[in-house]
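Peer 1: Dropping a structure here in structure tokens format, bear with me for questions.
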Amino acid sequence: MPSPFPGMDPFIEMREWEDFHARLNLAISDILVPRIEPKYTARVQRRVYIEHIFDSEDHVRWADVAVVQTAADSSTMTLPAAGQATAIAPVECELPMPEERRETYLVIREIESMEIVTVIETLSPSNKRPGGDGRKQYLEKREEVLQSTSHLVELDLLRGGVRLPTIGPLPRGDYYAIVSRRGRRPRAKLYAWSLRDSLPPIPIPLKGNDPEVSLDLAAAFATVYDRARYDLTLDYRQPLDPPLSDADAVWAGELIHSRRENLK
């Protein structure tokens, strides 16, 4: 059963992103390899980092001391004598636990030299969390690629989080792709589309005068959605986070209702 949405399914972002992210990179690799061989190959790479998750205010709340009053009238209470031990009731707090994050990305290499020609990144929520370890480490990796001789393709298929930095405002859109060719930096091509649009084809640059290839992002998404059977795990009755605009909420509700009617 395909997704009820014509392009990116926003419900994946809420529940299935980690699985989707890994599967999408494999699907993109499967699509690209027949189109770039025998000169190039595409391989999935992994990076591991530790992220520290804090609360919504980016700090941990600590309770220093709690004073508990019993049911007895406070007027009858007496202070303990100097040096006398006093029982203090503990309260619970939460500590920021480090979490290991594993992310995948794609590299296209020239087979003869094994030079990395193009890096394809699909952003994760941690890459878009302001002040987070994942964002910091991704931005450092991004700068390394931008200063290298490799092309960079970034896919932002997440509505939530803070967009990655660009000079100047982004055009209106729910999803973005940036294609940064090494010979044109700092200028890059930016693709923006809405929730209502189908996923566009994205050009993947190669080395020298070799013609770029087109990545069929819609085909990659459809393959992943079908093979993972997200139709069985996504609850389309839940409210979306981040929420949709009123107009998009009505539109999405009609799509989901039509899907339910077709299943009867």
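The values are calculated or read from the model by the stated rules, or taken from the named source; none is laboratory data. These numbers come from a predicted model, not from an experiment. As a convention, Cβ positions derive from the backbone with ideal geometry for all residues, glycine included, and neighbour counts pool all protein chains shown. Ligands, DNA and RNA are excluded from the accessible area calculation, which covers all protein heavy atoms including side chains. Shrake-Rupley method; radii C 1.70, N 1.55, O 1.52, S 1.80 Å.
Peer 1: At a Förster radius of 35 Å, what calculated FRET efficiency corresponds to the Cβ-Cβ distance of Glu92 and Arg43, to the nearest 0.05? If you can, show how the numbers build up before the last one.
Peer 2: Numbers: r = 46 Å, r/R0 = 1.32.
E(calc), rounded to 0.05, equals 0.15.
Peer 1: Tell me the per residue accessible area of the chain using a 1.4 Å probe; a whole number in Å² is fine. Don't skip to the answer; put the middle values down first.
Peer 2: Working: 15900 Å² over 264 residues.
Here the residues of the chain average 60 Å² of exposed surface.
Peer 1: Okay, moving on. Might you work out the accessible area of Ile28 for me, using a 1.4 Å probe with all protein chains in place, and round it to the nearest 10 Å²?
Peer 2: 0 Å²
Peer 1: Length gain on complete extension for the stretch Ala85 to Arg227, per 0.36 nm per residue less the alpha carbon to alpha carbon distance?
Peer 2: Numbers: separation 142, 0.36 × 142 = 51.12 nm, distance 6.45 nm.
Extra length available between Ala85 and Arg227 comes to 44.7 nm.
Peer 1: Round to the nearest 10 and report in Å² the accessible area of Phe5, as given by a 1.4 Å probe over the protein chains' heavy atoms.
Peer 2: Approximately 10 Å² for this residue.
Peer 1: Using 1/(1 + (r/R0)^6) with R0 = 30 angstrom and r between the beta carbons of Leu255 and Leu26, what's the FRET efficiency to the nearest 0.05?
Peer 2: 0.65
Peer 1: Carbon and sulfur together cover what percent of the accessible area of the stretch 141-190 at a 1.4 Å probe radius? Working shown, then result.
Peer 2: Working: 1450 of 2850 Å².
Ligands and nucleic acids excluded, carbon and sulfur give 51 percent.
Peer 1: Could you work out [θ]222 nm for the chain from helices alone, using -39500 (n - 2.57) per DSSP H run of at least four and dividing by all its residues? Round to the nearest 500 deg cm²/dmol.
Peer 2: So the helix-based figure for the chain works out to -8500 deg cm²/dmol.
Peer 1: Something else now. If each Cα of the chain is one equal point scatterer, what is log10 of I(q)/I(0) from the Debye formula at q = 0.12, 0.15 Å⁻¹?
Peer 2: After summing over all Cα pairs, the log10 values are -0.81, -1.17.
Peer 1: Got a number for the accessible area of Arg35? Probe 1.4 Å, square angstrom, nearest 10.
Peer 2: Counting only protein heavy atoms, Arg35 exposes about 130 Å² to solvent.
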